[in-house]
Structures are given as C-alpha cells and as structure tokens.
1. Among the listed residues Q341, Q315, which satisfies the condition of being free of Cβ contacts under 8 Å to residues at least 40 places away in the same chain and assigned to a helix (DSSP H, G or I)?
2. Out of L216, L256, I need the residue that is surrounded by fewer than 19 Cβ atoms within 10 Å (Cβ to Cβ) and in contact with a Lys or Arg (Cβ under 8 Å, 6 or more places away or on another chain). Which one?
3. For region 220-230, what are the residues that are crowded, with 23+ Cβ neighbours inside 10 Å and without any contact (Cβ under 8 Å) to a residue 60 or more places away in the chain?
4. Restricting attention to region 259-288, and to residues there that are among the aromatic types (F, W, Y) and outside any loop (DSSP other than H, G, I, E, B), which single residue is least open to solvent (accessible area, probe 1.4 Å)?
5. Among residues belonging to region 109-144 that are open to solvent by less than 10 Å² (accessible area, probe 1.4 Å) and of a type in the set (D, E), point out the one that is modelled with the lowest pLDDT.
6. Report yes if A63 is touching a residue at least 12 places away in the same chain (Cβ under 8 Å), out of contact with any helix residue (DSSP H, G or I) (no Cβ under 8 Å at 6 or more places or on another chain) and open to solvent by less than 40 Å² (accessible area, probe 1.4 Å), otherwise no.
7. Please go through region 344-354 and pick out each residue that is part of a loop (DSSP other than H, G, I, E, B) and surrounded by fewer than 16 Cβ atoms within 10 Å (Cβ to Cβ).
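The values are calculated or read from the model by the stated rules, or taken from the named source; none is laboratory data. Since this is a predicted model, take the numbers as computed values, not measurements. Because the Cβ atoms are built from the backbone with ideal geometry, glycine has one as well, and the counts that use them run over all protein chains shown. Ligands, DNA and RNA are stripped out before the accessible areas are found, and what is left, the full protein with its side chains, is counted by its heavy atoms. Shrake-Rupley method; radii C 1.70, N 1.55, O 1.52, S 1.80 Å.
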Amino acid sequence: MSPEITRIESTEFSYDLEDVGTDRHGFNLVYDPGETTERKLFGLKIHTDEGITGEYVGGNSPAAAQYNIIADYLVGKNPLDREKHWSEVKRALRKYDRMGMGPIDIALWDFAGKYYDAPIHELLGTYRTELPAYASTYHGDENGGLDSPAAFADFAEECRDMGYRGFKIHGWGGGDDQRDLRREIDAVHAVGERVGDEMDLMHDPACELETFADALQLGRALDEQEFFWYEDPFRDGGISMHAHRKLSRKLDTPVLQTEHVRGLELKSDFAATESTDFLRADPEYDAGITGAMKVARAAESFGLDVEFHAPGPAQRHCIAATRNTNYYELALVHPNCQNTQPPVYRGGYSDMLDAVDDDGTVKVPDGPGLGVEYDWDYIETNATGSVHVYE
C-alpha cells in the first residue's frame with residue numbers, strides 16, 4: 001500500500017525581533033535600538049497514514065492563502081508523488097504567484113526523507129556537505145548601526161575575521177537625491193578598499209535605485225572594486241529582461257537577477273536572453289525544493305551558476321546537491337542585533353551571525369528529511385489564532 005496524506009495543518013505564529021524597526025518608508029528592516037518588530041510565519045504539517053509527518057516552518061500570508069486552493073487536492077494523495085503534485089498544483093495556481101507551492105513541496109520532501117530515513121540532499125544527490133557562506137547585511141540605518149560607509153567596512157572586517165568568505169551590502173537604497181547615491185557609492189569603496197582583496201563582495205540595492213542612471217553609476221563603482229555580483233538594482237522590481245541586459249552590457253560586474261521572477265520558464269528566458277549572469281532560486285519562493293532544483297538544472301544547461309536566496313535548512317539541502325553554485329546566504333546580519341531567524345529550532349540549528357566555522361562554512365543537516373527538529377510547543381504557544389486544518 002502506498003502512503004496517503006490524511007490531514008494538512010497550517011498554524012500562523014508570531015515572534016519578536018528586539019532592536020529592529022523599519023526604515024523611513026516602513027518596508028526595510030533596520031537596526032533601531034529600543035524598537036520591537038513583530039514577525040509572523042506559518043508552521044505547516046502534512047500528516048500521513050504512515051505516522052510520519054512532513055514539516056516546514058516559513059512562508060507568508062499570500063502563500064498560506066493559496067493552501068485553501070490546493071490542500072483539498074492533496075488530502076488522500078500519495079505524498080511521494082511530488083512531481084505529479086507539483087505539475088497539478090502549478091496549473092491550479094496559474095492565475096497567482098504560486099507562492100503557496102513552496103512550503104507544501106518542502107514539507108513533502110521532509111516526509112520523503114523521513115520515510116526513506118535519509119537527508120533530503122541524499123535523495124537529490126549529494127555534491128557537498130559543507131557550504132561556504134557570505135554575510136548578507138541588514139539595510140543601512142540612521143541609528144548608530146550600519147549608518148555610514150565606515151560602519152559597513154568595519155562590519156565587513158568583523159565578518160572576515162569570523163571566517164566569512166563573502167560580504168553583501170544592503171545599503172540605504174539611493175534615496176531621493178544624489179547625496180544619498182553618493183553615500184551608497186562611498187560604502188562600496190570603503191568596503192572594497194578594506195576587505196576587497198580578501199572577500200568576495202556583493203551589492204543588493206533591493207530594487208530601490210530611482211533610475212537606470214543611478215544603477216549605472218553605482219554599478220561602475222562596483223566595477224572599480226571588482227565586486228562579485230550586482231543584484232536587483234532599480235525600480236523595475238527586478239523583472240525587466242531588456243533593462244538588465246542593457247545594464248549588464250555596460251558593466252563588468254556580473255548581474256544576478258530573478259529573485260522576483262516566479263517560474264522556471266521566465267527564469268530560463270532571463271538566461272536565454274543574456275539578461276542575467278547568475279540565476280536566483282529559493283525553495284520557498286520558487287515552488288519548493290522541486291522547483292528550485294529545476295532552476296538549478298536550467299542554469300547548468302546554460303553554463304550559468306545559480307545562487308540560492310536566504311538561509312534555511314531547505315536552502316542548505318539544495319546547495320548541497322548543486323555543483324554550479326558558490327555561496328550560502330546568511331541573512332540578515334548586523335553587528336548589534338539578531339538575525340531574523342525565528343526561535344523554532346531545537347538541537348542547535350542556527351542561521352545567526354556566529355553560525356559559520358573558522359573556514360566560513362556551515363554544515364548541511366544530516367538527519368532524515370530536513371534534518372531539523374521544530375519546537376512545536378513554541379509555535380502553538382505563540383499562535384495568532386489563525387489555524388487551518390484540511391482533511
């Protein structure tokens with residue numbers, strides 16, 4: 001008899017980030033002493049008649065809303081038929097961004113690993129089990145933290161001394177006038193001159209630069225400091241093939257795109273039209289481990305590298321099974337406040353700043369499935385009251 005999904009549970013919960021607020025527009029998280037920011041995530045359980053539960057903690061409200069469309073289809077199905085479910089759910093969510101696919105697919109992979117008593121990376125095919133990491137910062141602030149080019153350079157030095165091999169700047173976004181852009185450029189030079197001979201450097205304006213001209217100016221500064229990549233610079237939202245092809249042709253620094261592009265086909269189009277030099281993938285954003293690994297293989301077919309977005313156990317397993325990738329993104333980090341990781345892991349798993357070893361690497365969990373143990377007591381104690389059960 002094949003295993004069968006009997007019930008799916010989704011529980012929203014909240015947790016606090018101390019000394020963290022938002023920038024002047026209210027979107028980017030920044031260091032802000034004395035402020036507390038409440039974050040909300042979802043704990044997902046896929047129960048089966050085998051007594052084995054696939055689990056994942058993450059996601060967001062738009063993703064959880066899509067469970068209402070697809071969960072009833074999954075109940076009663078074989079949890080091992082991931083490729084079939086991926087195809088059917090992809091079609092069912094064709095009018096939406098498909099964010100709901102990611103957490104469910106990851107939980108199905110967690111079930112599979114537990115069912116076969118193997119870590120997910122072994123089911124995918126292991127390439128490595130130690131992953132070089134780069135420190136990916138909070139956005140620049142005005143509050144005594146990452147509030148100047150020198151502060152970014154000091155923190156880059158601190159990360160280098162901890163063993164990190166790469167460092168990514170999330171700056172102030174360029175702002176509303178040339179003085180703000182000048183500060184972004186000064187930070188590039190400050191960090192490059194301080195640690196550029198010892199670390200790979202990246203820059204991610206998070207689509208905040210106002211104009212193509214701003215993106216070009218900052219990009220030329222990256223060229224001067226020989227940055228490793230340039231990511232999502234301006235306000236197209238990171239989705240214009242034409243704009244990024246033009247930008248890439250005017251710069252030496254490789255462009256990394258497609259974090260905000262949903263779907264294997266569109267990401268492949270970015271590669272085929274030479275609109276990016278690296279592809280971006282994320283198992284939560286890109287329809288699960290199944291979807292993210294399709295992107296990785298597509299990148300390989302074009303002779304490109306894929307860089308996985310954000311930290312997490314699912315990302316670690318994907319990177320462990322991918323040859324054509326360079327770094328694990330340990331984000332968001334800051335010299336004065338904690339990472340955004342929720343306090344839901346038992347057994348020592350961590351994506352905090354000090355998670356790297358002296359060689360700047362993190363380990364891939366080696367237990368069955370995702371290889372992490374979630375603290376469901378914490379999740380249930382901090383539940384917001386939004387609990388959905390599908391059976």
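1. Checking each option against the conditions leaves just Q315.
2. L216
3. The answer is L222, F227, Y230.
4. Here the answer is F270.
5. Taking the candidates together, the pick is D141.
6. The answer is no for A63.
7. G347, G348, S350, M352
One line per residue, one yes/no per condition, for (1) out of contact with any strand residue (DSSP E or B) (no Cβ under 6 Å at 6 or more places or on another chain); (2) without any contact (Cβ under 8 Å) to a residue 12 or more places away in the chain; (3) open to solvent by 40 Å² or more (accessible area, probe 1.4 Å); (4) of a type in the set (S, T, N, Q):
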{"position": "V356", "(1), (2), (3), (4)": "no, no, no, no"}
{"position": "D359", "(1), (2), (3), (4)": "yes, no, yes, no"}
{"position": "V364", "(1), (2), (3), (4)": "yes, no, no, no"}
{"position": "G367", "(1), (2), (3), (4)": "yes, no, no, no"}
{"position": "V372", "(1), (2), (3), (4)": "no, no, no, no"}
{"position": "Y378", "(1), (2), (3), (4)": "yes, no, yes, no"}
{"position": "T384", "(1), (2), (3), (4)": "no, no, yes, yes"}
{"position": "V389", "(1), (2), (3), (4)": "no, no, yes, no"}
